[in-house]
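Student: I am attaching a structure below and will ask some questions about it afterwards.
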Amino acid sequence: MAIVGKVFNALKRTRDTISDAFDLVRQQKVNIESLEKLEETLLLSDIGFEIVEKIVNVIKINKQDNFISDVENYLISILPDHHNDKILNSSPVVIFMVGVNGTGKTTSCAKLANHYKTQGKNILMVAADTYRAAAVDQLKIWSNRLDVEIIHNELSHQPSAVLFDGLTAAKSQNSDIIIVDTAGRLHTSKNLMFELEKMYRLSKKNFSSFKINSLITLDASLGQNSLIQAKDFASKVQLDGAILTKMDGTAKGGIVFPLYSKSNIPVKFIGTGEDLEDLFIFNRNEYVQSILGTNKSL
Ligand SMILES: Nc1nc2c(ncn2[C@@H]2O[C@H](COP(=O)(O)OP(=O)(O)OP(=O)(O)O)[C@@H](O)[C@H]2O)c(=O)[nH]1
Ligand SMILES: [Mg+2]
């Protein structure tokens, strides 16, 4: 299936909610009642109150039934421009995968490794989740499937020590992209957040030839809660963007908007399933057209 079709399909539930809301306005014409209903329904997709208000204004100004292209233009205009893959352009690069438990870090590490490997990059993965024994095994299974090297140490409970070994190996092997899986943590856990800061510091101080990047995985189905997680992490560590996971099967895919407008975190990739291929570079036109159902190439 064409890539664009996969993203479109994964956004089905979000699109159903959003396009139902607009259909209602078309059927009942633009009036106070239909716009109120529109607001209510759009809020269910977690687009966020301020942006919903602005959409209503766009419709009021348009005054016609053909408001959808104005809404499309408006929504595209408030998202960051096409994903310019700074991460790749600046290799060698270390990518920390951070986030709350169960949001999709380990799976996203594997998907990212696959994404960059198919571009011919030399990848090394570091299993720095030393809290759960199963976490290292999980990443090892992916690394075998991908035929990508992994640095791990089941005997160590020090993520920084495993990281140090990983970056040392990466340096001697001239790896292009080092993907670091970290343990799930809540921002409220002081010790774990401190440990993450320490890992960043260690990388910057001892491996200054690597560019350090970090991505937070956010479970799209958690909607507004993801926004809170992103803000809290960003207040403690450098975040360069988000991977919005589990976009398949949720109607809350509108969270991309408040994430950018309220916390300035751009979505870089979206996860649309449990397999290696279920990761796509975020493209604002494709995303907006998929949630509105206005994609002309389908
Ligand atoms: N449907 C769907 N499932 C996903 C996606 N990404 C991850 N998952 C599933 O979510 C579950 C948790 O994923 P993990 O990658 O283990 O999450 P994690 O953040 O590493 O979890 P911890 O290490 O426990 O913090 C697994 O069952 C994954 O298969 C996605 O984009 N879509
Ligand atoms: Mg994990």
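The values are calculated or read from the model by the stated rules, or taken from the named source; none is laboratory data. If you're wondering where the values come from, they're calculated on a predicted model, not measured in any experiment. Here the Cβ is made from the backbone with ideal geometry for all residues, glycine too, and neighbour counts use every protein chain on show.
Student: Considering only residues of region 146-177 that are charged (D, E, K, R) and more than 16 Å from ligand 2 (Cβ to nearest atom), which is nearest to L276 (Cα to Cα)?
Tutor: Step one: list which residues in region 146-177 are charged (D, E, K, R), which gives 147, 149, 154, 165, 171, 176.
Next cut, more than 16 Å from ligand 2 (Cβ to nearest atom) only: 147, 149, 165, 171, 176.
Numbers: D147: 13, E149: 16, D165: 26, K171: 26, D176: 20 Å.
For region 146-177, the residue satisfying everything is D147.
Student: Would you confirm whether any residue within region 182-201 is modelled with pLDDT under 95, closer than 30 Å to A251 by Cα, more than 16 Å from ligand 2 (Cβ to nearest atom) and touching a strand residue (DSSP E or B) at 6+ places or on another chain (Cβ under 8 Å)?
Tutor: Within region 182-201, none of the residues are modelled with pLDDT under 95, closer than 30 Å to A251 by Cα, more than 16 Å from ligand 2 (Cβ to nearest atom) and touching a strand residue (DSSP E or B) at 6+ places or on another chain (Cβ under 8 Å).
Student: If you don't mind, there's one more thing I want to ask. Looking only at strands (runs of 3 or more DSSP E) that lie completely in region 42-160, which have at least 3 residues being in the same structural domain as I265 (by TED's automatic domain parsing) and within 16 Å of ligand 1 (Cβ to nearest atom)? Give the steps one after another, and end with the answer.
Tutor: Values: elements: 93-98, 123-128, 149-151.
Of the strands (runs of 3 or more DSSP E) lying wholly inside region 42-160, those with at least 3 residues that are in the same structural domain as I265 (by TED's automatic domain parsing) and within 16 Å of ligand 1 (Cβ to nearest atom) span 93-98, 123-128.
Student: Please go through region 117-132 and pick out each residue that is of a type in the set (S, T, N, Q) and away from ligand 2 (no atom under 12 Å from the Cβ).
Tutor: Within region 117-132, the first condition is being of a type in the set (S, T, N, Q), and the residues that meet it are 118-119, 122, 130.
T118, Q119, N122, listed by residue number.
Student: A further question on this structure: Those residues that are within 19 Å of G241 (Cβ to Cβ) and among the hydrophobic types (A, V, I, L, M, F, W, C), I need them from region 194-224; list them, please.
Tutor: Once the filter is applied, which keeps residues that are within 19 Å of G241 (Cβ to Cβ) and among the hydrophobic types (A, V, I, L, M, F, W, C), region 194-224 yields L196, M199, F210, I212, L215, I216, L218, A220, L222.
Student: Here's something else I'd like to know. Of the numbered conditions (1) in contact with a Lys or Arg (Cβ under 7 Å, 6 or more places away or on another chain); (2) farther than 26 Å from L279 by Cα; (3) charged (D, E, K, R), D46 satisfies every one except a single condition; which is it?
Tutor: For D46, the exception is condition (2).
Student: Within the group A242, A251, A230, which residue is under 27 Å from D16 (Cα atoms) and in contact with a Lys or Arg (Cβ under 6 Å, 6 or more places away or on another chain)?
Tutor: A251 is the lone residue from the list that is under 27 Å from D16 (Cα atoms) and in contact with a Lys or Arg (Cβ under 6 Å, 6 or more places away or on another chain).
Student: Does region 161-200 hold any residues that are in a helix (DSSP H, G or I), within 27 Å of H115 (Cβ to Cβ) and of a type in the set (G, A, S), and which are they?
Tutor: Scanning region 161-200 gives G166, A169, A170, S172.
Student: Same structure again: Which pairs have Cβ atoms under 6 Å, sit 6 or more apart or on different chains, and link a residue in region 38-62 that is at positive phi to one that is outside any helix (DSSP H, G or I) and surrounded by 19 or more Cβ atoms within 10 Å (Cβ to Cβ)?
Tutor: D46/G223; D46/K252
Student: Please verify whether V267 is of a type in the set (V, I, T) and more than 11 Å from the chain's Cα centre (by Cα), treating the condition exactly as stated.
Tutor: Taking the combined requirement at face value, the residue does not satisfy it.
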